[in-house]
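Data block below; observations after.
We did not get these values from a lab; they are worked out from the coordinates using the rules stated. The shown structure was predicted, so the numbers you read here are calculated from the model rather than taken from an experiment. Heads up, the Cβs are rebuilt from the backbone with ideal geometry, glycines too, and the neighbour counts pull from every protein chain shown.
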Amino acid sequence: MTENTTKSPNFHAFRILAVLLVVMGIAVMEGCTYEVAPPPLPCGDIAGVSFGGDVLPLLDVHCNGCHSGGSPSAGLNLENHASVAQSVLEGSLLERLNLPQTDIRMMPLNGNPLPACDIALFEFWALEGALNN
Ligand code: HEC
């Protein structure tokens, strides 16, 4: 009996510890699950992509420091719909975006590759016919 009463508080503490470990374990497992399998639709409202609202703002941020004005790099001005659509539909723009960073032809030149969801915007816009929308 005396043995029981001295063990009881320890047992209680052990149970609290066990519950804590299980809760922490679930939290860690959920963290790992999230990393291994991201949510199924990471690229938001990609279906509503437009030239003026999505494509051009990305070009202005990442590309038009070089591909604009009177003498754009490679003679390619990416400020207007016609030349962006031509470059996207012939394939060279998408090809450049999808190159690995180790490739010197990767665009943006000397920069970081665009995030996958930004590249997906270009691809979806091209798939829908590269409209001036
Ligand atoms: C720092 C300047 C710079 C930036 C920023 C830049 N480019 Fe370029 N781009 C160049 C230069 C210089 C060339 C020509 C050399 C080459 O072909 O790699 C080129 C070539 C290209 C070509 C090939 C054109 C052709 O006719 O062969 C495409 C397509 C292109 N860039 C798209 C882009 C896109 C899209 C972005 C933004 C995501 C971008 N570039 C950002 C400098 C830049």
- Task: Determine the sum of side-chain charges near Met107: Lys and Arg each +1, Asp and Glu each -1, restricted to other residues whose C-beta is under 11 angstrom from that of Met107.
- Result: 0
- Query: Rg/Rh for the range 46-127: what does it come to with C-alpha atoms and Rh from Kirkwood?
  - Reply: 0.92
- Message: I want to check the label-to-label distance for Ile104 and Leu127. Put each point 7 Å from Cα in the C-beta direction and report it in nm to one decimal.
- Response: 3.4 nm
